[in-house]
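K.L.:
Can you keep this structure in mind? I'll have questions shortly.
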Amino acid sequence: MKRPIFVRALSDDEREDLVASLRSSDAFVMRRCQILLASSRGKIAREIAADLGCDGQTVRTAINAFNTKGRECLAHWSSRPHTIRPAFDAEQAARLRALRLVWDNASWHISHTVRAWIRTHNRQVKQEKKGVRILPCHLPTKSPWLNPIEPKWIHGQRKIVEPARLLTAREIEDRVCEALGCSHEDHLSISEKVT
């Protein structure tokens, strides 16, 4: 059996910060502070998890993060990669002839307008022999486990939605950016009238 993990000895400043952060409006910060203070009182991860109604791994992750990063572990960080690299280099992109697009059966994916646009685009690419054809591949209905984005949408929705009232567009935008750990960007706009 593994030795139980405990938070390292807290300095007075760290303890004061953790106690003050118990009143944080951010649930992530508050929960981490509860975990760290309970561990500093000698409780093991299993007991803390039972008291707080969370998983034991959540407790161990919080303790490990504090032991390695200190107070920095109380800040949210994005799990997205810090750098983005292209999927194809210039030579590979030049050779690319078709792009397989895996979609669920959302109404905007299977609409007549979208299908007509893809058909027109593919005809144009074939006639001009220039560009990349789009080959849509629709997932079966009622199969969210095949779509890797579905769990992320559910978690994101739970972080954003407020059941007591409807949110304004600005509030939704702020909450989405906070949940995804991203900055506000200008909205996409279409200069032509879409029919």
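The values are calculated or read from the model by the stated rules, or taken from the named source; none is laboratory data. Because the structure is predicted, anything quoted here is derived from the model rather than measured. Reconstructed Cβ throughout: ideal geometry from the backbone, glycine too, with neighbour counts over all protein chains shown.
K.L.:
All but one of (1) part of a helix (DSSP H, G or I); (2) among the hydrophobic types (A, V, I, L, M, F, W, C); (3) surrounded by 13 or more Cβ atoms within 10 Å (Cβ to Cβ); (4) touching a residue at least 12 places away in the same chain (Cβ under 8 Å) hold for residue 30; which doesn't?
P.N.:
All conditions pass for residue 30, except number (4).
K.L.:
Something else now. Do we have any residue at all in the range 81-101 that's within 19 Å of residue 181 (Cβ to Cβ), hydroxyl-bearing (Ser, Thr, Tyr) and exposed (fewer than 15 other Cβ atoms within 10 Å of the Cβ)?
P.N.:
So the first thing to find is which residues in the range 81-101 are within 19 Å of residue 181 (Cβ to Cβ), and the list is 81-84.
Restricting the remaining residues to those that are hydroxyl-bearing (Ser, Thr, Tyr) gives 83.
Still in the running and exposed (fewer than 15 other Cβ atoms within 10 Å of the Cβ): 83.
Yes.
K.L.:
Here's something else I'd like to know. Exactly one of (1) under 30 Å from residue 127 (Cα atoms); (2) modelled with pLDDT under 85 is unmet by residue 2. Its number?
P.N.:
(1)
K.L.:
Here's another thing I want to ask about it. Scan the range 135-159 residue by residue and report those that are more than 12 Å from the chain's Cα centre (by Cα), closer than 27 Å to residue 182 by Cβ and surrounded by 13 or more Cβ atoms within 10 Å (Cβ to Cβ). Show your work before the answer.
P.N.:
Restricting attention to the range 135-159, the residues satisfying the condition of being more than 12 Å from the chain's Cα centre (by Cα) are 135-147.
The next check asks that each one be closer than 27 Å to residue 182 by Cβ; those that pass are 139, 144-147.
Matches in the range 135-159: 139, 144, 147.
K.L.:
Can you tell me which residue within the range 38-67, out of those that are part of a loop (DSSP other than H, G, I, E, B) and of a type in the set (Lys, Arg), is nearest to residue 8 (Cα to Cα)?
P.N.:
Here is the first cut: in the range 38-67, the residues part of a loop (DSSP other than H, G, I, E, B) are 41-44, 53-55.
Okay, now just the ones that are also of a type in the set (Lys, Arg), so 41, 43.
Numbers: 41: 11, 43: 13 Å.
Of everything passing the filter in the range 38-67, 41 is nearest to residue 8 (Cα to Cα).
K.L.:
Scan the range 1-38 residue by residue and report those that are under 15 Å from residue 63 (Cβ atoms) and among the acidic types (Asp, Glu).
P.N.:
The one that is under 15 Å from residue 63 (Cβ atoms) and among the acidic types (Asp, Glu): 14.
K.L.:
Further question: Has the range 62-80 got any residue that is β-branched (Val, Ile, Thr) and either surrounded by 10 or more Cβ atoms within 10 Å (Cβ to Cβ) or at pLDDT 90 or above (or both)? Full working, then the answer.
P.N.:
Going through the range 62-80, the residues β-branched (Val, Ile, Thr) turn out to be 63, 68.
Then drop every residue that is not either surrounded by 10 or more Cβ atoms within 10 Å (Cβ to Cβ) or at pLDDT 90 or above (or both), which leaves 63, 68.
Within the range 62-80, one or more residues are β-branched (Val, Ile, Thr) and either surrounded by 10 or more Cβ atoms within 10 Å (Cβ to Cβ) or at pLDDT 90 or above (or both).
K.L.:
Condition test on residue 8, is it surrounded by 12 or more Cβ atoms within 10 Å (Cβ to Cβ) and of a type outside the set (A, V, I, L, M)? I'd like the intermediate steps shown before the answer.
P.N.:
On the way: surrounded by 12 or more Cβ atoms within 10 Å (Cβ to Cβ): yes; of a type outside the set (A, V, I, L, M): yes.
Yes: the conditions hold for residue 8.
K.L.:
What is the residue count in the range 131-173 for residues that are in a helix (DSSP H, G or I) and at pLDDT 90 or above? Let's see the steps before the verdict.
P.N.:
Step one: filter the range 131-173 for residues in a helix (DSSP H, G or I), giving 144-146, 150-160, 169-173.
Now narrow it down to the ones that are at pLDDT 90 or above: none.
Residues in the range 131-173 being in a helix (DSSP H, G or I) and at pLDDT 90 or above: 0 in total.
K.L.:
Select from the range 107-130 the residues that are farther than 27 Å from residue 94 by Cα and either of a type in the set (A, V, I, L, M, F, W, C) or not in a helix (DSSP H, G or I) (or both) and list them in ascending order.
P.N.:
Selection gives 108, 110, 111.
K.L.:
Kindly indicate whether any position in the range 57-77 is touching a residue at least 12 places away in the same chain (Cβ under 8 Å), more than 30 Å from residue 138 (Cβ to Cβ) and among the charged types (D, E, K, R).
P.N.:
Taking every residue of the range 57-77 in turn, at least one turns out to be touching a residue at least 12 places away in the same chain (Cβ under 8 Å), more than 30 Å from residue 138 (Cβ to Cβ) and among the charged types (D, E, K, R).
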